[in-house]
């Protein structure tokens with residue numbers, strides 16, 4: 001029950017930008033798609049990621065212009081995982097690298113993103129499914145086995 005793969009819960013539709021995309025353009029993409037994380041690609045190759053925090057902390061706080069291209073402030077070291085990796089492997093890699101998102105790649109191509117929120121949602125769903133299954137299987141009534149307070153003479 002708990003042996004699913006990254007590809008089973010990852011976000012498959014990933015919004016990307018290129019190294020020449022400006023802070024302003026990326027910020028608009030983030031707002032439109034309700035994300036704080038955009039992978040940066042160059043000819044289908046992942047070259048980095050930019051976060052809303054990168055824009056504010058690395059860029060704007062250093063008096064950078066909103067027309068600055070993201071390649072100057074993006075994170076170049078990207079951590080990836082294969083789609084057929086287990087969710088446990090993804091979770092362990094996130095913990096080890098202290099990151100909230102992993103880029104999912106297949107033969108060097110970006111196929112998705114798995115986030116800490118995806119894993120948390122997956123585990124909560126699985127726990128709820130397990131609990132629901134336990135409750136459905138346990139249809140035995142305990143009313144006959146457990147007398148109520150009224151059955152006792154005081």
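What follows is calculated from the coordinates using simple rules that are stated; it is not laboratory data. Only a predicted model underlies this, so the values are computations on that prediction, with no experimental measurement involved. Cβ coordinates were reconstructed from backbone atoms using ideal geometry, including for glycine residues, and neighbour counts include every protein chain displayed.
Each 10 Å bin from zero holds the following percent of Cα-Cα pairs in the range 6-133: 13, 40, 31, 13, 3, 0.
Computed extension gain for residue 64 through residue 120, at 0.36 nm per residue and net of the alpha carbon distance, reaches 16.6 nm. Taking every C-alpha pair closer than 8 Å and separated by at least 6 residues, the mean separation divided by the residue count of the range 6-133 gives a relative contact order of 28 percent. What FRET efficiency comes out for the pair residue 8/residue 56, r = Cβ-Cβ distance, R0 = 25 Å, nearest 0.05? Efficiency computed from Cβ-Cβ geometry: 0.15. If I model a spin label as a point 7 Å beyond the Cα along the Cα-Cβ vector, how far apart are those points for residue 28 and residue 76 in nm? It works out to 2.9 nm between the two label points.
Put in order of Cβ neighbour count within 10 Å, fewest first, the listed residues 63, 58, 53 become 63, 53, 58. Extending 7 Å from the Cα toward the beta-carbon at both residue 88 and residue 18 defines two label points whose distance is 4.3 nm.
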